[in-house]
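Engineer: Can you keep this structure in mind? I'll have questions shortly.
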Amino acid sequence: MDTSILLRSDIATLVVVFTVEPENQEKLIQILEGGIETVMSKQAGCISATFLKSKDGRRVISYAQWRSGKDLEAGADRSQPQVAAYFESVKALAKLEPILCDVVSVHL
């Protein structure tokens, strides 16, 4: 499946840099992929998520877009047991640096 980067001011774009030990990079990717398929994609307003891994094994980058900032906040609500469990499993392996962004240009 190909993902498009949407250039719209009403879209919430979240980039997360995960720092991980190299021996845990693949396990983290499996958790992230499983979480997006079973938990996050079921949240209202989730558009897409893309994961990238660094060649040195120390980072994974997530690029996700949501229909709105409110949808992003609601989707990450850790009072939901499945969401909380997903985030806890991620935090057990990696340090997270979330960055809320505006897409300013897309070039093909």
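The values are calculated or read from the model by the stated rules, or taken from the named source; none is laboratory data. Keep in mind that what you see is a predicted model, and the values were worked out from it rather than measured. Backbone-built Cβ (ideal geometry, glycine too); neighbour counts: all protein chains shown.
Engineer: Please determine, by comparing only the residues of the range 44-62 that are crowded, with 17+ Cβ neighbours inside 10 Å and under 8 Å from the mean Cα position of the chain (by Cα), which one is modelled with the lowest pLDDT.
Structural biologist: Per the criteria, the residue is Ala49.
Engineer: Determine which single condition Leu108 fails, assuming it passes every other condition in (1) over 14 Å from the mean Cα position of the chain (by Cα); (2) at pLDDT 95 or above.
Structural biologist: It is condition (2) that Leu108 fails.
Engineer: Please verify whether the range 22-34 includes one or more residues that are at pLDDT below 95, among the small types (Gly, Ala, Ser), within 25 Å of Ser79 (Cα to Cα) and in a helix (DSSP H, G or I).
Structural biologist: Looking for residues that are at pLDDT below 95, among the small types (Gly, Ala, Ser), within 25 Å of Ser79 (Cα to Cα) and in a helix (DSSP H, G or I), one finds none in the range 22-34, hence no.
Engineer: Another question, if that's okay. Provide a single number: the residues in the range 67-94 that are in a loop (DSSP other than H, G, I, E, B) and within 19 Å of Phe18 (Cα to Cα).
Structural biologist: We begin by selecting, within the range 67-94, every residue in a loop (DSSP other than H, G, I, E, B); these are 67-68, 76-80, 92-93.
Remaining after also requiring within 19 Å of Phe18 (Cα to Cα): 76, 78, 92-93.
Matching residues across the range 67-94 total 4.
Engineer: Find all pairs meeting these conditions: Cβ atoms under 6 angstrom apart; at least six residues apart or on different chains; first residue within the range 30-44 and closer than 11 Å to Tyr86 by Cα; second residue among the small types (Gly, Ala, Ser) and part of a helix (DSSP H, G or I).
Structural biologist: Ile31/Ser89
Engineer: Out of (1) touching a helix residue (DSSP H, G or I) at 6+ places or on another chain (Cβ under 7 Å); (2) acidic (Asp, Glu); (3) surrounded by 12 or more Cβ atoms within 10 Å (Cβ to Cβ), the odd one out for Asp77 is which?
Structural biologist: Only one criterion in (1) touching a helix residue (DSSP H, G or I) at 6+ places or on another chain (Cβ under 7 Å); (2) acidic (Asp, Glu); (3) surrounded by 12 or more Cβ atoms within 10 Å (Cβ to Cβ) is unmet by Asp77, namely (3).
Engineer: Could you tell me whether Ile61 is of a type in the set (A, V, I, L, M, F, W, C) and either more than 17 Å from Thr19 (Cα to Cα) or assigned to a helix (DSSP H, G or I) (or both)? Spell out how you get there, then give the answer.
Structural biologist: On the way: of a type in the set (A, V, I, L, M, F, W, C): yes; either more than 17 Å from Thr19 (Cα to Cα) or assigned to a helix (DSSP H, G or I) (or both): no.
The answer is no for Ile61.
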